[in-house]
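Scroll down for the structure; my scribbles are underneath it.
A short reminder: the numbers here are calculations on the coordinates, not readings from a lab. Every value quoted in this text rests on a predicted model; they were computed, and no experiment measured them. Here the Cβ positions follow ideal geometry from the backbone for every residue, glycine too, while neighbour counts run over all protein chains shown.
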Amino acid sequence: MTQLRAGYYVFLGACCYGNLSTITKLGFAQGYSPADLLSSSTLLGCLLLWLYTLPKIQKIKVIPARTIVFLIIVGSIWGLTDIFYSITIKNLPASLAVILLFQFTWISQIVYMIQKRTWLTIYQWIALASVLFGTFLAADYHTNQLAYINWLGFAFGVCSAISYTASIFISDTVGLKIHSSIRSTLIVTGQLMLIWIIFPPTFLFTSAFANGLWIWAGLLGLVGIFVTTITYTKGIPHIGTSLAGILGSIELPMVLLLASWILHEQVGISQWVGVFFILVGIYISSRSSY
């Protein structure tokens, strides 16, 4: 696969991720809860991935049981991120929720500094400052508006960024020699298990799924789990994590565009300027070598 084609795959995956906040918000508007949407969509996405992985199922037999367990644990951390982010979207505008999630960009640099017991380079400090300044602008909340923020949603947004950071660091250490599609399927299986523990699949015992939940579960499962997983596993190995990080950041402006056009959220100039600084920070961070 050429780098150009691989880049398109990653770009497509990031655009799909950018649709999730809007689809989730629309699902909430229909009366469904985070539990309804997450427990059902993750099941459908997981089933689609297992069907996709079926031709390679024999390779699972040679994977050590310990590695499979670790990948499922990694998936459970990703599931925790999904839960935190879904609750954030429920309680905050989608345009603010994604800004909070993207705080993983600077949190991951701090974690890296502690993990490696080394100081950040000047470029990494510039990237961190750019992200924080962009966040200040993009949040678009002045001091006299703080009283109106849903602090529960804000807290879960911060938790989603921390959990996302943990997911990235742990994912980079487990099962790296396993075929990418099998590895991704096992991780999503872990996601499903954790989500079902916290949000039991009550939709299986009610008429909610047949009465319309299947539409939102299908969209989230197909676009948010299956398509994104396949495109990322196909593209990232051919372009590397650095370029993938840059292309993947398209998710941020995509969320703001859809929040403005479809959800009719107010997205002002300061928010777009803030997003620009965040993207600059991501670019600098991705291009600087650790």
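Each helix, a run of at least 4 DSSP H residues, gives -39500 (n - 2.57); summed and divided by the residues of the chain, these come to -24500 deg cm²/dmol at 222 nm.
Compared with the direct C-alpha span, the chain from PHE133 to LEU152 gains 4.5 nm at full extension, assuming 0.36 nm per residue. Please compute the contact order of region 3-287 in relative form: average sequence separation of alpha-carbon pairs under 8 Å and at least six residues apart, divided by the residue count, as a percent. For region 3-287, the relative contact order is 46 percent. The number of Lys pairs in the chain with C-alpha atoms less than 29 Å apart, excluding pairs fewer than 8 positions apart on the same chain, is 10. Let me know the shape class of region 1-160, please: from the alpha-carbon gyration tensor, a ≥ b ≥ c as square roots of the eigenvalues, rounded when a/c is under 1.5, otherwise prolate if a/b is greater than b/c, or oblate. Because a/c hits 1.5 or more and a/b fails to exceed b/c, region 1-160 counts as oblate.
Couplings for region 74-91, taken from phi via the Karplus curve 6.51 cos²θ - 1.76 cosθ + 1.60 with θ = phi - 60°, read 4, x, 5, 5, 4, x, 5, 4, 4, 5, 4, 5, 5, 5, 4, 4, 5, 9 Hz in order; Gly and Pro are left as x.
Roughly how big is the chain's charge dipole about its Cα centre, with Cβ charges of +1 (Lys, Arg) and -1 (Asp, Glu), in debye to the nearest 20? If you can, show how the numbers build up before the last one.
Values: 13 positive and 6 negative charges, 202 e Å.
Approximately 980 debye in magnitude.
If R0 is taken as 30 Å, the Cβ-Cβ distance between ILE73 and TRP261 corresponds to a FRET efficiency of 0.20. Here the simple spin-label model places points 7 Å from the Cα toward Cβ, and for LYS59 and LYS177 these points are separated by 1.4 nm. For the chain, rounded, prolate or oblate, judged on the Cα gyration tensor with a ≥ b ≥ c (square roots of eigenvalues), a/c < 1.5 rounded, else prolate if a/b > b/c? The shape class here is oblate.
Projecting the Cα positions of CYS16, GLN58, PRO237 onto the charge dipole of the chain (unit charges on Cβ atoms of Lys, Arg, Asp and Glu, taken about the Cα centre) puts GLN58 furthest along the positive direction.
Modelled this way, with points 7 Å down the Cα-to-C-beta line, the labels at ARG5 and PHE276 are 3.7 nm from one another.
Is the shape of region 180-290 best called rounded, prolate or oblate, per the rule: a/c under 1.5 gives rounded, else a/b larger than b/c gives prolate, else oblate, with a ≥ b ≥ c the square roots of the Cα gyration tensor eigenvalues? Can you show the working numbers first?
Details: a/c = 2.64, a/b = 1.34, b/c = 1.97.
Oblate shape, in that a/c is at least 1.5 and b/c is the bigger or equal ratio.
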